Amino acid sequence: MSGSGKSRRHGRLRDAPRVSERVGSQAATLWRFALRRLAQAVPLLLVVSLVVFGLIHLVPGGPMALYLENPNVRPEDIARLRASLGLDRPLAVQYVSWLGAFVQGDWGYSFSDGRPVIERIAERLPATIELGLTSTALALLVAIPVGLLAARRPRVDQLASATAIAAISLPTFWSGLILQLVFANLLGWLPSSGRVSFGATGAADRLTHLVLPCVVLATVHAAAWSRYLRGSVREVLAAPFVRAARARGVRERAVLFRHVLRAAVGPMITVVLLDVSIMASGAVVTESIFAWPGVGSLFTEAMVKRDYTVLMAFLMCAATSVVVFGAAGDIALRIVDPRVREDA
């Protein structure tokens, strides 16, 4: 016994360098994939910036539309302003100049109040992040158990399918207005808009303002994510390794949570992160309905006032958010699911 114990111990010592080499190789492969994925995002963002810049200048009046429609602004003032903003230069020169400044953090100044654009976005971003994170957490708390139950129980699946179709089909602005009408106007349980009440500083007041917009956002995402998870769980339940685990006598709960859920949740990560990127860049409709002081409502205000510097910065931030979260989803999927391999 002592001889066999020594041989096993020596065997483990011999295998230790191989294990460390394999872990190091996997880490290096993951880093290469992450760098390649991020490198692919650079030309995509360049194309997006070119499209955004071109669309802004194709609008009648261009960035100067706000001043051209003002009868109190004289033509010589408009000409002087165009020269000061560099709008009298060739379009290609304007694009290169704008892109270089944008990359360096100089996003220009708002046409409506003259403040730096990056400052206006930064002061609205915490509200959007608060709403997005809370909605994501609530949607996951609903989507994961509903998706698991729907995959295993046909009656729950029928009810969940009908509810999900209704939640996805209803327009966000309609459901938001209905919630305002019922819970704010008729019942008076919750505030109808804003982030805080005037003069209030407590956490309870902020929580009550968060409920309605959070429910609107979470409902749509929970419906979509639960259906996605349901399909993924059903596919994994039919896999050979699940049948083998059941044949070995593994309990059904352990099979579900230790094997099935781990394999099924991997593909869902990319979907969740892409949806989170949209919320992070501003839930425009929801924030506008509930007057939530986030980036989405800032975009609506900039649209009304034709504040093109704010619009361009918002669109670029939204595109960057989608690309970065998409890349993060692919990287996370490779970490969670070892079956995913890098393309040749």
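The values are calculated or read from the model by the stated rules, or taken from the named source; none is laboratory data. Note that the structure is predicted; figures quoted are calculated from it, not measured. Heads up, the Cβs are rebuilt from the backbone with ideal geometry, glycines too, and the neighbour counts pull from every protein chain shown.
For this structure, a couple of remarks:
- LEU131 being modelled with pLDDT of 85 or more, within 30 Å of ARG258 (Cα to Cα) and part of a helix (DSSP H, G or I): no
- Which listed residue is among the acidic types (Asp, Glu), surrounded by 19 or more Cβ atoms within 10 Å (Cβ to Cβ) and farther than 21 Å from VAL220 by Cα, from ASP307, ASP275: ASP307
- Residues in the stretch 166-223 that are among the aromatic types (Phe, Trp, Tyr), at pLDDT 85 or above and farther than 28 Å from VAL272 by Cβ: TRP189 only.
- For the stretch 96-120, the set of residues classified as of a type in the set (Val, Ile, Thr) and either closer than 15 Å to LEU298 by Cα or crowded, with 16+ Cβ neighbours inside 10 Å (or both) consists of VAL117, ILE118, listed by residue number.
- Within the stretch 67-95, the set of residues being among the hydrophobic types (A, V, I, L, M, F, W, C), surrounded by fewer than 14 Cβ atoms within 10 Å (Cβ to Cβ) and within 21 Å of VAL51 (Cα to Cα) comprises LEU91, ALA92, VAL93.
- The one condition in (1) farther than 23 Å from TRP292 by Cα; (2) in contact (Cβ under 8 Å) with a residue 24 or more places away in the chain; (3) not aromatic (Phe, Trp, Tyr) that THR219 fails to fulfil: (1)
Residues checked against (1) under 25 Å from LEU298 (Cα atoms); (2) outside the structural domain of ALA283 (by TED's automatic domain parsing); (3) basic (Lys, Arg); (4) surrounded by 18 or more Cβ atoms within 10 Å (Cβ to Cβ):
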{"residue": "VAL142", "(1), (2), (3), (4)": "no, no, no, no"}
{"residue": "LEU148", "(1), (2), (3), (4)": "no, no, no, yes"}
{"residue": "VAL156", "(1), (2), (3), (4)": "no, no, no, no"}
{"residue": "ALA164", "(1), (2), (3), (4)": "no, no, no, yes"}
{"residue": "PHE173", "(1), (2), (3), (4)": "yes, no, no, no"}
{"residue": "ALA203", "(1), (2), (3), (4)": "yes, no, no, no"}
{"residue": "VAL220", "(1), (2), (3), (4)": "yes, no, no, yes"}
{"residue": "ALA223", "(1), (2), (3), (4)": "no, no, no, yes"}
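- Qualifying residue in the stretch 179-187 (condition: without any contact (Cβ under 8 Å) to a residue 60 or more places away in the chain, assigned by TED's automatic domain parsing to the domain that holds ALA222 and within 11 Å of VAL216 (Cα to Cα)): yes
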